[in-house]
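Q: Okay, handing you the structure first.
Computed from the coordinates by the stated procedures, all read-outs in this text should not be read as laboratory data. If you're wondering where the values come from, they're calculated on a predicted model, not measured in any experiment. We place every Cβ from the backbone using ideal geometry, glycine too, and count neighbours over all the protein chains shown.
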Amino acid sequence: MSRTRLARRIFKVLAVLAMLSVLGAGVLLGSLWLEHRTETTLPTPTGSFAVGRAIYDWTDDAKLDALAPVPGTKRELLVWIWYPSAAGQSVAMDDYVPAQIRAAAGPTRGALIFRLLTRDLSKVHGHSIRNADVSPQQRSYPVVIMRAGASTEVANYSTLAEDLASHGYVVVGFDAPYRTGLVVFPDGRVIERTPENNPELVSGAELTLRANKLLAAWTADIAFVLDQLARLNASDASGKFTGRVDMTRVGVFGHSFGGATSAQFCSEDSRCKAGIDVDGSLHGSVVQAGIHKPFMFLLSGQGDFSSDAEIRQIQVDIQSVYDRLPADGRLRIAIRGANHFTFSDDGALLKSYILRGVLRLFGKLAIDGRRQLAVTAYCVHSFFDWYLKGAGVSRLKISSPLYPEIQVLE
């Protein structure tokens, strides 16, 4: 065979491969677009209550936002409240993310490929009723503050919030301008996180300094939210929450850096009666001071850590705090196969079969995302049921044959 003929054959093979690659890319993009536009519903809450949701814009006239780019800016939070609602109300089921927030946030949501790999939020449906009345089944309900991971919007944890509310809790989450990735206020203002508040852009000593500043801001936000809830409970202009929020039974939980915030707040504020850190490393004074109330560490074993040395230090810190917890009020559990990034609604919304296949191939997705959320929701409401609603005089036995993925760590 002459070199010319061989070259022609090689060229034809390469041309066919190139055409197949283009065709494959086209099919992939087409399937991603179809999935992007597919209707989907969050996992159904497992409790007996219907779920209501209300959104508030709360401004602190007494404190300034130390991490805002403009000095003198007042602290302001977008607050989301999920709660047990009265059944059978002829009111509208709320959007997963309200239309006015989606519309204002739309132009800032990133490149086309990012949008293709995520859900069209207008096609995502939750289970919350907009501004419904609080259920009359109980005089009042315990409070759980929920903190999102790092800069994630709190609505991205709606699965856990709705499930907890369905078990009889007033669940309160919030977003903070300049620290949350994107905050859209009811008046249409859109505020993104500033680079100065992004710990992922730095390392070493500067990372520690930035993380501690953020931790102080988030814990102060929780304190402010509890103050506001007490005012709402005393006198709600709408009458909805007046006398319905039990401020003597307060729990706090969060994911990732939100988990670190939960631990720090429960360490320093007596209003926290029980807390959970969902797969978060510890920061701040809690490592030295400890926590002196019921607390659970819920782990995945697949955190987003940069080195083995960092993992070992995180384990040492958690062990140190765990060892000093009350013997009848401490739990450290792992969910076998869980992934750090799918404790949020991403566990329910991660859609592309191809993407999930790649993640499984690299050992990053050993459990179905919805299953991980189901196990997590069970652990969260079981813990708070025991320590906020029950006597909590003995240690919670959280293992269940329904959830064999739970591994209790001593």
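Q: If we sort 232-243, 140-151 on the protection proxy, mean other Cβ atoms within 10 Å, highest first, what's the order? Each step should come with its number before you reach the end.
A: Values: 232-243: 14.5, 140-151: 24.2.
Packing order, densest peptide first, comes out as 140-151, 232-243.
Q: Stretch Glu39-Ala103 to full length: gain in nm at 0.36 nm per residue minus the Cα-Cα span?
A: Values: separation 64, 0.36 × 64 = 23.04 nm, distance 1.82 nm.
Answer, rounded to one decimal: 21.2 nm.
Q: I need to check one value: relative contact order of segment 212-323, counting alpha carbon pairs closer than 8 Å and at least 6 residues apart, in percent. Write down the numbers at each step before the final one.
A: Numbers: 149 pairs, mean separation 22.5, N = 112.
Value for segment 212-323: 20 percent.
Q: Also, quick follow-up: How much FRET efficiency would the formula 1/(1 + (r/R0)^6) give for Thr46 and Met19, where r is the Cβ-Cβ distance and R0 is 56 Å, rounded to 0.05? Walk me through the numbers on the way to the answer.
A: On the way: r = 50 Å, r/R0 = 0.90.
Using R0 = 56 Å, I get an efficiency of 0.65.
Q: Shifting gears a bit: Would you kindly state how much longer the chain becomes between Ser203 and Asp57 on full extension, computed as 0.36 nm times their sequence separation minus their alpha carbon distance, in nm to one decimal? Before the final figure, lay out each step's value.
A: On the way: separation 146, 0.36 × 146 = 52.56 nm, distance 3.36 nm.
Answer, rounded to one decimal: 49.2 nm.
Q: Multiply the residue separation of Asn212 and His292 by 0.36 nm, subtract the distance between their alpha-carbon atoms, and state the gained length in nm to one decimal. Mind showing how you got there, number by number?
A: Values: separation 80, 0.36 × 80 = 28.80 nm, distance 2.13 nm.
Gain on stretching Asn212 to His292: 26.7 nm.
Q: Quickly work out the Arg312-to-Gln407 label distance, labels modelled 7 Å from Cα along the C-beta direction, and quote it in nm with one decimal.
A: With each label placed 7 Å out from Cα toward Cβ, I get 2.0 nm.
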